[in-house]
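Reviewing the structure listed below.
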Amino acid sequence: METKGTSARTASLLRNYISFVGVAIVIASLVSVTLLFLIEITSNGENPYLGILTYIIFPAILIFGLLVVVVGMIVERRRRRKGAPQQIAAYPKLDLNDPHARHAFFTFLLVTFFFVSASAFGSYRAFEYTESVAFCGTTCHTVMKPEYTAYLAGSHARVPCVGCHVGGGAGWYVRSKLTGAYQLYSVTFNKYSRPIKSPVLSMRPAQGTCEQCHWPEKFYGQQMKVFNRYGYDEQNTLRQRRMLINVGGGSATTGLVAGIHWHMNIANEVTYVSTDDRRQVIPWVRIKDRQGNVTEYYDRTRPPTPEQLASGNKRRMDCVDCHNRPAHTYQPPDVAVDQAFVAGRLDPSLPYLKKQAVEALSKSYETTPEAVNGIASSLNDFYRTNYPDVYSQKRQLIDGAVTELQRIFQTYFFPEMKTDWQAHPNNIGHLYSAGCFRCHDGEHVSSDGKVITNNCSVCHTMIYDSMNPTASVKMGPFVHPIDLGALAERKCEFCHKANKPFQHPINLGDISQFQCVECHPKTRDAPQITK
């Protein structure tokens, strides 16, 4: 009860339990904001979630607390108007000489201390967890299992998801979450597509993400890349090629403004229109060079209509147009098996292992458990039936091969989500998908006759080929080991399939068992290839 000498007019409207709760919320928010602000100014890294917690979420909670205070004051004012002044709650009297009051006071201090400490600790733990990969990959986005698994197996596994998908600053964080509102609805009500669609249209431009670590102007010269490919023959024959990749760059101070990264020089502007959702069909390209000259190229094999150009997806080229699977690469079975051979996880002494491995990985499975069992059955049945001696003498190697193929499948194939290398083609290279040949196909021509080149030596130079080592010592453009004849103008992907052995594009009939050199005499000096 209010003491006798105090009037209702002088008593504070804050003296009510609702406002006290609001004050507690405000204090806890202030402590959290202060702590996160100190973390931000002392942290060496940059985290978008830290900014959103510090400047948006906890300030919003603070404002909510203030609103609770105001609501409590309004309720208290109405109560006082209806009641007598004596009904105003009195402040508790603090007399530390009174054992009961002293006990209540220290209890209050202890509870307050734990409340504020828990708020601060909880804020830090929330910040720490939201910057983790598990937050993106498992907790909030369970539907993203394929992307999460492939991410852990990729070269960017130490880069947090938000580093690429959001970047620095709270502004892009808010934008990414607003554009993801429909995704939340889709996951909640099982409306999401299978596979998850790519590319992600709401991604921040690469200049604000990729180029914070990868600086195109600082790339220059050539880099050697070694390709180890194993054959589908009984011996799993190794063929090795070594190429110099013309990485190039965009700074005249470090080398010629040329090479692959010429596309990404800030002074060169490449714009294109794609007529499909996956940016694989590109009928129109515009190039603005360093001098400001503009050239437009059209695909003469399928000239775009004005309506297609107007309604197509127009985009300025950046890193992810070629590096479109930087952190979520789904390896084709052919490539994944070759990598396992090189790493020593598959033994080439097992006959036809490459062929059987690719076939087992390429079968149609409804679920992952079905695939795991099918791979084991397929490989064991093959060696038990066709190579009983090998099966009895090298059982441990066969079991190891089964385990490795099951690992490969569970890393790059997700039948429940209909996700694999075919659902998400990789634009780096041009062997199993169009990739570079989306533009560099020799068919994109300007009005004055210029052609976007498809000359192999522009991007890479063959310096060694184990199938013909003497001929490849002299540096030069890539030369196909077989005389292709009329097929020489075809793209690589026409004959090369990542999920099956090489198949001749022509029905050979009775001569299908002949060696290649019988029909392609120019390859007679090279080691023979088993069909």
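For the range 147-159, 3J(HN,Hα) computed residue by residue from phi via the Karplus equation (6.51, -1.76, 1.60; θ = phi - 60°) reads 5, 5, 5, 5, 4, 5, 8, x, 7, 9, 5, 9, 9 Hz, glycine and proline entered as x. When the C-alpha to C-alpha distance is required to be over 27 Å, the pairs from 314/363; 145/363; 225/363; 225/288 that qualify are 314/363; 225/363; 225/288.
Taking 0.36 nm per intervening residue step and subtracting the Cα-Cα distance, what contour gain separates residue 277 from residue 289 on full extension?
Gain in length upon complete extension: 1.6 nm.
Restricting the range 302-406 to GluC sites (Glu not before Pro) that sit in a DSSP loop and have at most 15 other Cβ atoms within 10 Å of their own Cβ leaves 366.
Residue 464 to residue 191: FRET efficiency via 1/(1 + (r/R0)^6), r the Cβ-Cβ distance, R0 51 Å, to the nearest 0.05?
Numbers: r = 52 Å, r/R0 = 1.02.
About 0.50, to the nearest 0.05.
Under a 5 Å amide H cut-off, with hydrogens placed 1.01 Å from N, residue 429 pairs with 436 among residues at least 5 apart or on other chains. The phi torsions of the range 325-341, fed into the Karplus equation with coefficients 6.51, -1.76 and 1.60 and a -60° offset, translate into couplings of 10, x, 10, 9, 8, 9, 6, x, x, 4, 6, 4, 5, 4, 5, 5, 4 Hz, rounded to whole numbers, with Gly and Pro shown as x.
Comparing 377, 342, 410 along the charge dipole axis of the range 333-417, the residue lying farthest to the positive side is 342, per the Cβ-charge model. Loop-resident trypsin sites (Lys or Arg not before Pro) (DSSP state other than H, G, I, E or B) in the range 324-420 with no more than 16 further Cβ atoms inside 10 Å of their Cβ: 345, 363, 418.
Distances between placed amide hydrogens fall under 5 Å for residue 419 paired with 414, all partners being 5 or more residues away or on another chain. A Cβ-based charge dipole, computed about the Cα centre of the range 298-410 with Lys and Arg at +1 and Asp and Glu at -1, lands at about 280 debye. Rounded to the nearest Hz, the phi-derived 3J(HN,Hα) couplings of the range 421-438 under the Karplus curve 6.51 cos²θ - 1.76 cosθ + 1.60 (θ = phi - 60°) are 5, 7, 6, 10, x, 9, 7, 6, x, 7, 7, 10, 8, 4, x, 4, 6, 4, where x marks glycine and proline. Residues whose amide H falls under 5 Å from that of residue 464, counting only those 5 or more places apart or on a different chain, are 242, with hydrogens built in the peptide plane.
Every read-out reported here was derived from the displayed coordinates using simple, explicitly stated rules and does not represent laboratory data. Small disclaimer: the values here were computed from a predicted structure and weren't measured. Positions of Cβ are backbone-derived with ideal geometry, glycine not excepted, and every protein chain shown enters the neighbour counts.
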